[in-house]
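This report concerns only the one structure given below.
A short reminder: the numbers here are calculations on the coordinates, not readings from a lab. Quick caveat: nothing in here was measured; it's all calculated off a predicted structure. Ideal geometry is used to build each Cβ from the backbone, glycine not excepted, and the neighbour counts take in all protein chains shown.
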Amino acid sequence: MLSDTRSADRSLFSQTFDICIIGAGPAGITLARRLARSGWNVALMEGGDVDFTDESQDLYIGEITGIPYTDLDAARLRYLGGTSNHWGGACRELDAYDFTPWPHIALSGWPISKSDLDPYQPEVNDILDLKPPAGFPDHPIDHDEHLFRKIDYRQSGPTRFGPKYKDELVASDKIQLVLNANLVDLRLDSELQTVTEAVFRGYGTDDPGFTVQARIYCLCCGGMENPRILLNARSQALKGIGNNYDLVGRYFCEHPFITAGEILFEEPFYVREEFAPTPAVIGETRILNYNMHVAPWSYGSPLSLPKEVARSAACATPFLDRLVTEVLGKSLKCDNDAYGITGYRAKREEAFHGRLDLQMEQSLLPGNRIMLIEDTDRFGLNKIAMDWNLGALDHRTIRAAVMGIGTHLAAHGIGRVKVPDWLLDDDWDAMVSSGSIRGSMHHMCTTRMSDNAREGVVDADCRIHGMTNLYVGGSSVFATAGHATPTYTICQLALRLGDHLTQEAANPA
């Protein structure tokens, strides 16, 4: 069923729902569908509309410190389907050893293992419109197989969760999808351990707001907005909910994407190949996991990231697509993934010159964080600043990855790498100022999963430590980032959470 705060009869919220899910992106929609099939009455609350609107998107405006980054209101989208509306579609599961602790990586290891998520592969393949097999095997390489694996990503359409699932959500008699419903507060019981109601407002200046009561609540608003909601929930918990140890918003991780060198190939090199270190190398050289792209140079001519975000947002919105076509006199390339690489094959004259691009796991640094600033939005909630930087372990990984691949290509007659001056000089500020690094718009670890409240915000079941009925979905709960794109794991975690809640309801303690 569908309602909108601009016209809804708010008496429909007089009932008590089984669960109130805030945010209708990949995590929220996946969780809602799972629980509805189990017979739960679901309130699925979306702050935006069916399509892009300025009034919703403006709520994502914030500040950036540290490494230059895409404007925060361009790095994510706030309407039905969430940031799947500009997702590129690349899919890969985390590696099994991403879940295990490493002695040289602080706070590494998850309280769950990959085997806890593997049962959800078939359903996630269907959700994301992926063809079997469940995951591409890693390929052996001709030389140095003890050092590198050749890996693959799978390509979703990409799936846009709003268009794909809207009709199903509206038709369901178990899901109440509410548009333009902005969460402004979470109210707690006297022990500050149980959410008793969530307070929402529409966009009208005279909107009095309304409350939603449910047995369970789950935040599924993304790696920046989940911590913002918890930090702003200070009407009773002065530090914010789940923030007794000042961890909400900390350990913000991206997948740094670094232009790491140029290549002169000995023979024509036509397609992109991707290399990752073996677990043995990660342990022996004390580095992080990564993915090194080796490709002909023409592959390296995508739009700049801000322009790409604008392109993909326009492609996701038919009106903007038509507008751009009228203004520019040409159509957007809306059938490609985010960087236009699906099915790419270089021409012969382009295939002797290439580049190295590194997409890597990031270390957990407490100073990397999402934090509140004094500026407030139209609802009086504090906006955020994002502080994002690299640390010594990140630097060591960049150096090891570039030098390792460069040595491999040269030793086996594949090509020669021109290493950038900033790497030779160990000048990481120059790397930043040269524009060689950008974010991948993957926002992770800001409500990270941990065994105890002194190291993270949620437990192994995604429930906030110290709370009885408040859960978090999405990549903010990742304990570490790995190098794989997050959407596949987001959906696996949402399905696992749905099963956990159903089992817990059937077998109460």
Report the rotationally averaged projected area of the range 394-435 based on its alpha-carbon convex hull, in square nanometres. 3.0 nm²
The chain: percent of C-alpha pairs farther apart than 29 Å? 50 percent
For the range 73-195, divide the Cα radius of gyration by the Kirkwood radius and give the resulting Rg/Rh value with two decimals. 1.07
Roughly what would the spin-label model give for Gln15 and Ala410, points 7 Å off Cα along C-beta, in nm? 6.9 nm
For the range 175-310, what does the convex hull of the Cα positions come to per residue, in cubic angstrom? 234 Å³
Suppose each label sits 7 Å from its Cα in the direction of the beta carbon; what would the Lys164-Ala106 distance come out to in nanometres? 3.8 nm
List the DSSP H helices in the chain whose Cα atoms stretch 20 Å or more along the helix axis and whose mean Kyte-Doolittle hydropathy is at least 0.5. 392-411
Rg and Dmax of the range 225-299, Cα atoms only, in Å: 21.1, 66
Fewest to most neighbouring Cβ within 10 Å: what's the order for Trp297, Trp110? Trp297, Trp110
Normalised convex hull volume, the range 1-125, alpha-carbon set, Å³ per residue: 183 Å³
Please give, to one decimal in nm, the separation of the simple spin-label points placed at Ser235 and Asn507, each 7 Å out from Cα toward the Cβ. 3.7 nm
Are there chymotrypsin sites (Phe, Trp or Tyr not before Pro) in the range 364-452 that DSSP marks as loop and that have at most 11 other Cβ atoms within 10 Å, and which are they? none
Quick check on the range 134-185: what are the equivalent-ellipsoid semi-axes from the Cα gyration tensor, as sqrt(5λ), descending, whole Å? 44, 15, 9
Jot down the radius of gyration and Dmax of the range 366-509, Cα atoms only, both in angstrom. 20.7, 63
Amide H of Gln176 versus every other amide H placed in the peptide plane: which residues, excluding those fewer than 5 positions away on the same chain, fall under 5 Å? Val42, Ala43, Leu44
